[in-house]
Amino acid sequence: MKPAPFDYVRPGTLEEALQALAGHPEAKILAGGQSLVPLLSMRLAAPAVLVDINDLPDLDHVRADADGVRIGALARHAEVLKDAEVARVQPLVPLALANVAHPTIRNRGTTVGSLVHADAAAEMPMVLRLLDGSVDVAGPGGRRTIPAAELYVGPLESSLHHDEIAVEAFFPALGAGSGVAFEEIARRHGDYAMCGVAAVVTVEGDRVVSAKAGYLSVSDIPAVVDLTEALDGSVDATALAAAAAAALEELDPETDIHATADYRAHLATVLTARVVTAAYDDARTRAGGSR
Amino acid sequence: MTTKMMGAKVQRVEDDRLVRGTGRYVDDVALDALHTAVLRSPHAHARILSIDVDAVLDVEGVHAVWTYDDLEGAMAEPLPLLIPHPTLTHGRTQYALAKDEVNYVGEAIAFVVADDRYVAEDALARIVVEYEPLPAVVGLEAARTAANLVHDDVPGNVGARMEQSNGDAAAAIAAAPHTLSLDLKIERSACMPMEGRGTVARWDPDQGRLQVWTSTQTSTGVRAAVAAKLGLDLGQVDVITPDVGGGFGVKIVHPWPEELLVPLAAQKLGRAVKFTEDRREHFISSAHERAQEHHVEVGFDDEGRVLGLDVRFWHDHGAYTPYGLIVPIITSTQLLGPYKPGAYHVQFDSLYTNTVIVTPYRGAGRPQGCFVMERTMDAIAAALGKDRADVRAVNFIQPDEFPYEQGLIFQDGRELTYDSGDYPAMLDKIKELVDWDGFESFRAAKAAEGKRVGLGLACYVEGTGVGPYEGAHVHIETSGKVKVATGLTSQGQGHQTAFAQIVADELGVRFEDVEITTGDTRRMAYAVGTFASRAAVMSGSAIHLAAKRTKEKALRIAADALEADVDDLEIVDGVVSVKGTDSSIPLGTIAVLSNPLRYAFDEASKAATQFNVGDPTKPPVAEDDEPGLEGTDFYSPPRSTFASGMHAVIVETDVETAEIRILKYAVVHDCGHLINPMIVEGQIHGGVAQGVGGALYERMAYDESGQLLNASFMDFLMPYVTEVPTSIEIDHLETPSPLNPLGIKGAGEAGVIPGSAAFAAAIEDAERSALPSFGITAMPISPSELFALRAVHASSEESK
């Protein structure tokens, strides 16, 4: 379990990092290394060059304002998770982050790294899609913003080009009248979930005016389903069953050694009801309508 | 008298060092060593047509690359079959490097020595092997069907068929008022110590000696194997076992291919050479355990008393049988647990498959036997509508029936005779600990909250402390410090602490003054090893006897020096004194006197000059004496001593998600007299954690081509601390063993044995409150499988 030989560069500026990438078509970017390093050690990946971006300046920020949360490429999950302003502006971010692996991994792993690793079993890509966030990338031609809806193109595949570096992620703020919830079921505490669901529900009074849910581990790429129509304004048992049925239409769970496709579909059904209900309650609480 | 150490909750003295990261493991030895890597078969079954290593020779930093063709003499013979048995008619072992054929993914094919492990792994990638893939035999059904054979010359894939009986079980079942039959199954798991295998060797050309450090459970075994395979005299080989990061059974297997190839490379290259196994290698090239399928026929009376029990089972022993039939023999005999069936018959087939070898893993065949017996007890209770504890109670061996002969031959070739125990008292304790009688009201309260809970109980008996012997050497130095050596190894059990407690009590010295050395063949050349819950019983007893011998000598010399009678002496804190007087002599001074040297080196020697010992008309060292304050002794029992225990667990099975949550776990344990209750409880905690793993998480996911799909800690699910019960309630019973001087029994494996049996019972109990036909016949069980089982039973109940 030792990596194959590779060259290593540790640029001090973004420009140098982009040049290093441009010069080495088989280069890989190293940030937190929590996915890449095990792949290297098992020789499942053997890039010719590692471009370590940990010395790049001004990329470890976590900023929250009225628009939303901006997370720099070098901000660790643990930093984002403990930021009170993030929790206030977009509470779904910490709710999901608390389920990302274990504290030691969250101490090193970067949120932006996880987003562009594009694992459909990971929490943050799904949350980014659910919230309609985006990722800013720098490339040879300058900066561009990739909306979450265009970021994920296949299993472990993002729409970043090889010569681009993701520099910042943006999670929009929670809107007025909205609430969020997150729940996942994993074989062990901190493992990749067999299924996970997050929801954003917006209410007017007691009535649901919009509801969307995101799903982990039950599709090739992070999945988001609009449940507004299925719920038809309510979160009673009938509405929740209809919502789960609507979600299953859009999902494609598979069998692996930890869970069958049927079981994952069942979990998606159970969690849809739990999470939509919790998000609905959260929305009403935030709107001051709780009892 | 000093405070008695035996039975005291003494804090482990090892932990400060181990927890702070200053332990010294094999990989910490010889930092100048060359490193090695092994090319392993990617096929479960294939013929090797050719191996081309030419491309490796050009790699900078490579010192050697070997295949089978490079091996000579005994090294070119198959590895030893350590424990032959007359019924193991078709035993097979692998070669150190594969010859012509590979029989599991992971089998060693080529060996590279290089400057470091990185270069060694780079070199492996350049070796070109041409294979002719053969059909793989994976799983017991494929082995039994034998459409394909693992070894061409082993018909039916049957390595061994063994049968034992006590009475006429078939006749007893035929005549019984009630009968049941069950088909039961347990899957594969593995020991998974934190530290994998590892070996370092250094050849000293000046002395013509080989020094080997290896992460093993038997340094004397490795020493003998290395000497035999390398053609060296035993006296030329030292084997030292430093700190070992867990064994759990896998490291009793020896010699591993690398345990021979590393010393050979050290000798040939004249350099220190090291092999440090990585985790993926550990999954595919060490050992697994557990996989068995059982068919049970049982006949019983109206009270649930078992009149006849007939068990036929199939044991998957993997591709080779280096450790013989120990695991299935233990299953077939220890299955009986604390019970006395009217008649018993058991027959097993031990079958080859193209998978990693199967050798003892903590519990060693007992978890399977316990699962089968306890599922049978639960099935009898259900059939009769009786309380599950009551059915067990009517089948117990009673306290006045010891020694109790089960009428079978145990794994050590001796009769299966239980030495002591009190199972009814133990059942009372476990029922109280888990509130057995109050459970139905707890269940009702939970049901009112919409929750589903269940209670399970499982009982076991464990033969521990198997022979043939262990020895100990006790040496009191002139400083008064006591140096003790015993030959078996330590892999984290706390031997320094527990053995020092025994010595402190027997010798009357301070606990802190006792130093224990284990697993170093330079200090104790005669030893067997640490397995079968035997270290405390075997080495503990030997140390006690050696300390006693040393004490006798000390008192004899002290009596002479103090001009007193031996019976008037006592030893407190390392000082011998005449009771009731201030006449005394420290043990260190006695050590000086015991060695009639003419030179005085130090203050201790000078201090001794005030005493006169010996008769000036006789030789300074008497004919039947020897110099030095030392004692050596050995302990060799007639047979194993039988520990026992009962576990009870309460689970909640999530009505919606089928997740399984542990609400309470209770253990009653009897290992005779306790040396250190804190260590025993630690052993129980660790065992229960592994039991949770075996019951709810761990399995080896082989696909049909023999590839292990989950050969990493990401997909092989050992429980984290978050999956283990937050508290384990423990109560002890102490029925001393009459077979050894301390009255102790083994405690190392016990905690893991009843795990799968207890969880199966608890989950079944929970589910039956909703689905009366629900039954569990296979373990482990995951939430996904529980969900599927619910669906099967729900549809079968609908169709009624």
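Laboratory data are not the source of any read-out in this text; all were calculated from the coordinates shown. Everything numeric in this text was worked out from a predicted model, so none of it was measured. Reconstructed Cβ throughout: ideal geometry from the backbone, glycine too, with neighbour counts over all protein chains shown.
How would you rank B:MET194, B:MET162, going from fewest to most other Cβ atoms within 10 Å of each one's own Cβ?
Placing the least packed residue first, the sequence is B:MET194, B:MET162.
Ranked from highest to lowest mean number of other Cβ atoms within 10 Å per residue, what is the order of the peptides B:688-697, B:717-726?
Taking the mean over residues of other Cβ atoms within 10 Å, the ranking is B:688-697, B:717-726.
Restricting to DSSP H runs of at least four residues, report the calculated mean residue ellipticity at 222 nm for the protein assembly as shown, -39500 (n - 2.57) per run over all residues, nearest 500 deg cm²/dmol.
Theoretical 222 nm ellipticity from helices: -8500 deg cm²/dmol.
So which GluC sites (Glu not before Pro) in segment B:366-450 are both in a DSSP loop and have at most 14 other Cβ atoms within 10 Å of their Cβ?
B:GLU449
I need the GluC sites (Glu not before Pro) found in segment A:1-35, filtered to DSSP loop residues with at most 15 other beta carbons within 10 Å of theirs.
When the GluC sites (Glu not before Pro) of segment A:1-35 are filtered for loop state and at most 15 Cβ neighbours within 10 Å, A:GLU26 remain.
Rounded to the nearest 20 debye, what is the charge dipole size of segment A:142-220 about its Cα centre when +1 sits on each Lys and Arg Cβ and -1 on each Asp and Glu Cβ?
Around 140 debye, computed over segment A:142-220.
Exceeding 30 Å between C-alpha atoms, which entries from my cross-link table qualify? They are A:LYS2/B:LYS483; B:LYS4/B:LYS481; B:LYS9/B:LYS664; B:LYS229/B:LYS483; B:LYS9/B:LYS340.
As for pairs spanning more than 30 Å Cα to Cα, those are A:LYS2/B:LYS483; B:LYS229/B:LYS483; B:LYS9/B:LYS340.
For A:GLU204 and B:GLN707, FRET efficiency with R0 = 51 Å and r from the beta-carbon atoms, rounded to 0.05?
Efficiency at R0 = 51 Å is approximately 0.40.
Sorting B:ASP206, B:ASP765, B:ASP302 on the 10 Å Cβ count, fewest up front, what's the list?
Going from sparsest to densest Cβ surroundings: B:ASP206, B:ASP302, B:ASP765.
Would you mind pulling out the separation of the Cα centroids of segment B:606-628 and segment A:147-213, in Å?
Segment B:606-628 and segment A:147-213 have Cα centres spaced 86 Å from each other.
How big is the protein assembly as shown along each principal axis, measuring the range of its Cα positions in Å and listing the largest first?
Result, largest extent first: 110, 77, 68 Å.
Of the beta bridges DSSP finds with both residues in the protein assembly as shown, what % are antiparallel, to the nearest 5?
Antiparallel: roughly 80 percent of the beta bridges in the protein assembly as shown.
Need the C-alpha centroid separation for segment A:63-124 versus segment B:770-800, integer Å.
Their Cα centres are 40 Å away from one another.
Given 10 °C and 1.306 mPa s, compute D for segment B:462-616 with the Stokes-Einstein relation, Rh being the Kirkwood radius over Cα pairs; round to the nearest whole µm²/s.
Estimated via Stokes-Einstein, D reaches 97 µm²/s.
Using the Cα centre of chain B as origin and beta-carbon charges of +1 (Lys, Arg) and -1 (Asp, Glu), tell me which of B:MET779, B:ALA558, B:ALA527 is placed farthest towards the positive end of the dipole.
Value computed over the given set: B:ALA558.
To the nearest 0.05, what FRET efficiency results for A:PHE6 and A:THR104 with a Förster distance of 30 Å applied to their C-beta separation?
Between A:PHE6 and A:THR104 the formula returns 0.80.
Please state the charge dipole magnitude for segment B:415-560, taken about the Cα centre, from unit charges on C-beta atoms (+1 on K and R, -1 on D and E), reported in debye and rounded to the nearest 20.
400 debye
Angle between the Cα long axis of helix A:237-250 and the longest principal axis of chain A, 0 to 90 degrees, nearest 10?
With rounding to tens, the tilt is 30 degrees.
In degrees from 0 to 90, rounded to the nearest 10, what is the angle of the helix A:14-23 Cα long axis to the longest principal axis of chain A?
So the inclination is approximately 70 degrees.
Given the options B:GLY682, B:SER756, B:LEU789, identify the residue whose Cα lies farthest towards the positive end of the charge dipole of segment B:643-800 (+1 on Cβ of Lys, Arg; -1 on Cβ of Asp, Glu).
B:GLY682
Of the options A:LEU18, A:TYR152, B:LEU81, report the single residue whose Cα projects farthest towards the positive end of the charge dipole of the protein assembly as shown (beta-carbon charges: Lys, Arg +1; Asp, Glu -1).
Of the candidates, B:LEU81 comes out farthest on the positive side.
Using DSSP to define loop residues, name the GluC sites (Glu not before Pro) in segment B:589-689 whose beta-carbon has at most 12 other beta-carbon atoms within 10 Å.
B:GLU623
Among B:SER189, A:SER35, which comes first, second and so on when ranked by fewest other beta-carbon atoms within 10 Å?
A:SER35, B:SER189
Rounded to the nearest 10 degrees, what's the angle between the helix A:261-286 long axis and the longest principal axis of chain A, both from Cα atoms, 0 to 90?
70 degrees
Which distance in Å, rounded to a whole number, links the C-alpha centroids of segment B:714-744 and segment B:464-517?
Answer, in whole Å: 23.
Amide H neighbours of B:ASP731 under 5 Å, counting only residues 5+ apart in sequence or on other chains, H built in-plane at 1.01 Å?
B:VAL667, B:VAL668, B:HIS669
Can you tell me the convex hull volume per residue for segment A:62-172, based on C-alpha atoms, in Å³ to the nearest whole number?
Per residue, the Cα convex hull of segment A:62-172 comes to 90 Å³.
Enumerate the aspartates and glutamates that B:LYS446 could reach by cross-link, defined here as Cα to Cα under 19 Å, with residues fewer than 8 away along the same chain left out.
The reachable aspartates and glutamates, counting only those whose Cα sits under 19 Å from B:LYS446, are B:ASP435, B:ASP437, B:GLU652, B:ASP654, B:GLU656, B:GLU659, B:GLU764, B:ASP765, B:GLU767.
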